1. Tell me, please, whether a residue that is at pLDDT 95 or above, loosely packed, with under 15 Cβ neighbours inside 10 Å and part of a helix (DSSP H, G or I) can be found in region 70-85.
2. Looking only at region 87-100, filter to residues that are in contact (Cβ under 8 Å) with a residue 40 or more places away in the chain and assigned to a loop (DSSP other than H, G, I, E, B); which one of those is farthest from residue 46 (Cα to Cα)?
3. Can you tell me how many residues in region 11-45 are closer than 14 Å to residue 76 by Cα and without any contact (Cβ under 8 Å) to a residue 40 or more places away in the chain?
4. Filter region 27-53 for residues that are crowded, with 21+ Cβ neighbours inside 10 Å, touching a helix residue (DSSP H, G or I) at 6+ places or on another chain (Cβ under 6 Å) and assigned to a loop (DSSP other than H, G, I, E, B) and give the result.
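The values are calculated or read from the model by the stated rules, or taken from the named source; none is laboratory data. In this text, all values refer to a predicted model and were calculated from it rather than measured experimentally. Cβ placement follows ideal geometry from the backbone for every residue including glycine, while neighbour counts extend to all protein chains displayed.
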């Protein structure tokens, strides 16, 4: 069951954009999991590739989006490439933004 903070975190992450695609990271399918635990918000995410040139920019934006939530939770962001991201992970909203 999702908590309010998890829902708020998901909405906040929709304001973080992949600068290359111009689509938010949620609709890009880069967010695998969001959980709340002991005052922190854990985000498990991926990038479009292991050599993503915007990786540090995206990570800073994710951490700031979480830290700026009500109660100022501690962001705990983990990057994984398992499973690797594929374009099929883009949501219907993301596809619409990309004109697909």
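1. No, region 70-85 contains no residue that is at pLDDT 95 or above, loosely packed, with under 15 Cβ neighbours inside 10 Å and part of a helix (DSSP H, G or I).
2. Restricting to residues being in contact (Cβ under 8 Å) with a residue 40 or more places away in the chain and assigned to a loop (DSSP other than H, G, I, E, B), the top hit is 98.
3. 14
4. 27, 28, 47
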